[in-house]
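Presented below is the structure to which this report refers.
Rule-based calculations on the coordinates, nothing more; no lab input. Because the structure is predicted, anything quoted here is derived from the model rather than measured. Positions of Cβ are generated from backbone atoms using ideal geometry, with glycine treated the same way; all protein chains shown enter the neighbour counts.
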Amino acid sequence: MTKTRLGLIAVALFLSPAAAPRAAETDKPQGRPNIIFILADDYGIPGVGCYGGAYKTPNLDALAAGGVRFDRCFSAPLCAPSRALCMFGRYAFRTGVLDNGCGAAARPDKEVSIAKTLKQAGYATALAGKWSQLSYLDTAGEGRAWGFDEFLRWDKSQGERYWKPALNKNGQAVPVTDASYGPDLFHEFVVDFIRRHRDVPFFIYYPTPLVHGPILPTPDSQQAGDRKAKGQGKGDSPLYADNIAYLDKTVGKLVAALDEMKLREKTLIVFTGDNGSVPVGTINGRPVDGHKSQVNEGGSRVPLIANWKGVTPAGRVLEDLVDFSDFYATFAELAGAKMPDGLTFDSRSFALQLRGEKGTPREWVYVQLGAKWYARSDGWKLTESGELSDMRDAPFVEKPVPADAQSSEAKAARRQLQDVLDKLDPRAGESKPRKRAEGDKQQQRKDRRRATREAPKK
């Protein structure tokens, strides 16, 4: 057989349908993904259309349709402990961030943030949005202890978060005008960071201020000319719906930017909320039980949508239990990063579920706010005071179970969840962090006064 004949056979085999699957396999996303972690503020499941909420969220719904939606993700009921959970992968009684106002208990010499872990694995890292509930992101520009290469954050001590916002970029105050809108500036920062780091893996922690109060007109509001008009924070407020629409629009703009830069197949987008909604919302017309700051289902059950084009199975809805500590191990596994030594982590990776595999889902989640906590399994919940609830109609109803209930199911659930709480032993880790947090808050106030004196004049 001639060399020419052999060459023609080789070309024919390469172009044949039988060879196509192998060629297609090489087009699948390979290696470590970029990770964009979007954390909405005061945004529970009633705020998202694809969860059965009453609001229109076409861009979030599209992300869910092209990826994985987790139906049972649990944060803490307030923002500081939630943010500590996802940043450090450890429960509140370990870090000391038990409540709002305790953020300074989590120190860079005691905790290792997920940003630092990913940076050590070769990722470029950035923060865009709200950090005020945690501490030690140095306003003087030297604050790299948490592992962020760059940051643009809302400076709560200096002013507002929305119109004419008080922002700090890498240690310097950002010039703004009356027409400057904080969420737009955060979006521009994120897109610019992506453009400058598109050739290396990157991690962006994106805790947007939307939709936390004050509920103000957005640039798309009919009332945008009156930027001092405030809504009442109620679910039926037109401004509240407008803020949700603007959050959704911003997510859509980010996805479009990734598409334009041809980075969708290389980027995992994770969207969630830091705690339940402020108003009591509804799912498919039924009111959920509770809201932000309450240690029941509505206070902590939040949306979780993950989309990595070409990897996450499109349209999959999972009932797997996920708690906020789990982002740490998940991101570390996807990035090929080593978990830090010398710390007890509560985080469990759900990276396999994102790839369409079964993984090892949790049998329970743990939720804490201050001196109250509970363990929650598939259908049951047990609190620190021993109160057992039947959760089979959650998030709408928590049905109390009498202590002397003879149901074999209830007895087994109580034994299982009590064993969980006994092994965690939250009380053993509670007193010391509280005392440490008080001293850290005093130091934090001193640091803020110093930063104010040193800040450049506007």
Excluding residues fewer than 8 positions from Lys309 in its own chain, the aspartates and glutamates with Cα under 13 Å of it are Asp27, Asp259, Glu265
Over 24 Å (Cα to Cα) among Lys292/Lys381; Lys56/Lys266; Lys164/Lys292; Lys119/Lys266; Lys119/Lys423; Lys56/Lys164 -> Lys56/Lys266; Lys164/Lys292; Lys119/Lys423; Lys56/Lys164
Normalised Cα Rg of region 372-429, dividing by 2.2 N^0.38 Å with N its residue count, works out at 1.08
The convex hull of the Cα atoms of region 30-366, divided by residue count, gives a volume in Å³ per residue of 123 Å³
Quick note on Glu265, Glu363, ordering by fewest other C-beta atoms within 10 Å, gives Glu363, Glu265
Least to most buried among Glu188, Glu357, by other C-beta atoms within 10 Å and fewest first, runs Glu357, Glu188
If every Lys and Arg gets +1 and every Asp and Glu gets -1 at its Cβ, then about the Cα centre region 30-366 yields a dipole, in debye to the nearest 20, of 320 debye
